[in-house]
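The values are calculated or read from the model by the stated rules, or taken from the named source; none is laboratory data. Quantities reported herein were computed from a predicted structural model and do not represent experimental measurements. Glycine gets a Cβ as well: all are built from the backbone with ideal geometry, and neighbour counts include every protein chain shown. Please note that ligands, DNA and RNA were not included when accessible areas were found on the heavy atoms of the full protein model with its side chains. Shrake-Rupley method; radii C 1.70, N 1.55, O 1.52, S 1.80 Å.
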Amino acid sequence: MKKIILSIMASAFLANAYSQVEVTTNNKFFDNWYGGVLVGTTHSPAFDKMRPSIGLELGKQITPVLGVSVQGITGINSTYSRTAFDDLGVTLNGKLNLMNLFGGYKGSPRLFEIEGVFGAGFMHQFYNKAVRGGSNDMLTARGGASLNFNVGKEKQWTLSLRPACVFDVEAFGKSDLGKFSKFELMAGVVYHFKGVSGGRHHGIMTAYDQDYVDNLNGNINDMRKRNAALEEENANAQKRNEELTKALNDCNASVKELENSCNMDIESVVAFRQGKDRIDATQLSNIESIANFLKKNPEVKLDVKGYASPEGNAEFNQKLSEQRAYNVKDILVNKYEIEADRISAQGMGVGDNFSKPEMNRAIIAKFYK
């Protein structure tokens with residue numbers, strides 16, 4: 001029944017493929033984080049010449065299209081700085097993946113991608129007081145791009161080239177805006193951490209619209225009800241079958257018991273000639289019939305009693321009746337291989353079982369359990 005339900009469900013899915021939509025997975029807070037190291041060069045009119053720069057970045061890809069990061073970059077000492085560094089800038093960036101925006105996300109980052117980067121932050125310039133009158137602080141705006149190469153078996157590494165311009169916010173609208181800006185050309189190595197959902201990037205799964213899901217759930221519930229009704233019907237049929245089987249077994253047992261009872265109520269007789277204990281050939285069929293019944297019913301035992309007619313004295317008749325019983329037992333044991341302990345034999349002397357005296361020259365065999 002479960003296989004039938006699953007088959008119907010599969011057919012329903014195929015028949016309603018238009019209801020399918022793709023959604024991203026791995027969207028928990030600790031998914032899709034990354035960290036990177038940046039090295040490169042920057043140039044600012046404030047320091048007259050280009051100088052090497054280094055930086056760190058920590059970010060999260062919120063969706064396959066949109067990401068955010070915190071980035072810190074510092075320039076190495078040049079002419080006017082009073083420290084080992086010329087400046088230190090911290091920026092909160094927003095990133096827009098143009099490849100996924102216009103080309104769609106396929107469940108894994110492409111080998112090459114382009115991101116637009118826009119941000120706002122704070123910069124501190126370490127001026128030499130004697131030359132520039134001391135340090136300077138400013139709020140900054142950043143605009144640039146990130147050219148990314150995603151490598152590794154799980155695309156866990158990203159190699160990027162990042163050109164960008166950083167502006168002093170207070171200098172916007174001024175004719176000498178260039179004096180208050182700097183140009184960056186940085187190269188980065190980024191590592192994408194494995195998230196709590198098990199992946200390093202967003203995944204793709206197939207979902208269905210709610211109306212379709214509700215309709216499918218309704219069909220499943222109907223099938224469950226039908227399945228429950230069929231299971232109940234099957235249980236009742238099994239119960240009825242067990243009752244009929246028990247009744248049949250009881251009937252067979254009663255019939256067998258009745259057959260055994262009837263057979264055991266029948267007494268088998270083997271007749272003898274006057275004064276003889278030898279069994280005539282005409283009586284062997286009676287003995288074989290007794291042996292067959294004993295073989296078919298191993299739980300049954302046999303009581304053989306020998307009798308004689310009134311002719312002769314009592315002592316002779318007693319011995320004659322005993323020998324007749326023993327001879328019948330001997331044939332059953334030796335010829336028909338009936339166990340001796342299942343047969344008892346005894347002589348009863350002159351018998352009065354029949355109306356005519358000569359008819360008492362016999363043994364009477366009776367079955368019992």
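This table checks each residue for (1) open to solvent by 80 Å² or more (accessible area, probe 1.4 Å); (2) basic (Lys, Arg); (3) more than 30 Å from residue 97 (Cβ to Cβ); (4) within 24 Å of the chain's Cα centre (by Cα).
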| site | (1), (2), (3), (4) |
| --- | --- |
| 205 | yes, no, no, yes |
| 208 | no, no, no, no |
| 211 | yes, no, yes, no |
| 215 | yes, no, yes, no |
| 218 | no, no, yes, no |
| 221 | no, no, yes, yes |
| 231 | yes, no, yes, yes |
| 235 | no, no, yes, no |
| 240 | yes, yes, yes, no |
Residue satisfying all of: in the range 332-369; of a type in the set (Ser, Thr, Tyr) and in a strand (DSSP E or B); farthest from residue 299 (Cα to Cα) among these: 344
Show the residue pairs meeting these rules: Cβ distance below 9 Å; 6+ apart or different chains; first residue within the range 278-289 and closer than 12 Å to residue 363 by Cα and assigned to a helix (DSSP H, G or I); second residue modelled with pLDDT of 90 or more and open to solvent by 60 Å² or more (accessible area, probe 1.4 Å). 287/335
Exactly one of 151, 189, 117, 131 is modelled with pLDDT of 95 or more and open to solvent by 60 Å² or more (accessible area, probe 1.4 Å), and that residue is 189
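Table: residues versus (1) under 25 Å from residue 281 (Cβ atoms); (2) of a type in the set (A, V, I, L, M); (3) surrounded by fewer than 16 Cβ atoms within 10 Å (Cβ to Cβ); (4) touching a Phe, Trp or Tyr at 6+ places or on another chain (Cβ under 9 Å).
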{"position": "295", "(1), (2), (3), (4)": "yes, no, yes, yes"}
{"position": "298", "(1), (2), (3), (4)": "no, no, yes, no"}
{"position": "302", "(1), (2), (3), (4)": "yes, yes, no, yes"}
{"position": "306", "(1), (2), (3), (4)": "yes, no, no, yes"}
{"position": "313", "(1), (2), (3), (4)": "no, no, yes, no"}
{"position": "317", "(1), (2), (3), (4)": "yes, no, no, yes"}
{"position": "322", "(1), (2), (3), (4)": "yes, no, no, no"}
{"position": "330", "(1), (2), (3), (4)": "yes, no, yes, no"}
Could you tell me which of the residues 91, 83 is open to solvent by 20 Å² or more (accessible area, probe 1.4 Å) and touching a residue at least 40 places away in the same chain (Cβ under 8 Å)? 83
